[in-house]
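A.B. asks: For reference, the structure I am asking about is given below.
The values are calculated or read from the model by the stated rules, or taken from the named source; none is laboratory data. Values in this document were obtained by computation on a predicted structure and should not be read as measured data. For neighbour counting, all protein chains shown are included, and Cβ atoms are generated from backbone atoms with ideal geometry for every residue, glycine included.
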Amino acid sequence: MQICSPAAARGLTTSFYGMALQGSIALGSFVFGLLSRYVGVSPSILVAGLLALTGLLLVRRYPLPDPAGPLDPPHRVQPPDSTSSDNSSHRFSLPAISSSN
């Protein structure tokens with residue numbers, strides 16, 4: 001979810017996704033509890049399965065856009081080139097430890 005959203009809105013997208021996910025679980029439990037009370041448990045499980053199958057087909061039909069697509073800003077930071085031999089700026093040295101006490 002974070003990869004497919006614009007960089008400027010990744011936190012907002014993630015928080016909205018979490019809120020919608022938790023809210024839909026609570027709302028779905030309430031609705032299917034009512035449905036099972038009036039129709040029965042087996043038909044309500046059948047309806048839940050059909051809705052899940054419909055959701056799966058919709059996700060296959062309308063997938064999320066490619067992360068390298070138009071959602072990324074033009075000033076995106078590129079990862080360092082791993083083929084470059086000049087990575088001296090990434091090197092560091094630890095201080096020497098003397099063994100004489």
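A.B. asks: Restricting the range 18-48 to residues that are aromatic (Phe, Trp, Tyr) and out of contact with any helix residue (DSSP H, G or I) (no Cβ under 7 Å at 6 or more places or on another chain), which is farthest from GLN2 (Cα to Cα)?
C.D. replies: That would be TYR38.
A.B. asks: TYR17 fails exactly one of the following numbered conditions: (1) modelled with pLDDT under 90; (2) more than 16 Å from GLY55 (Cβ to Cβ); (3) in a helix (DSSP H, G or I). What is the number of that condition?
C.D. replies: Exception for TYR17: condition (2).
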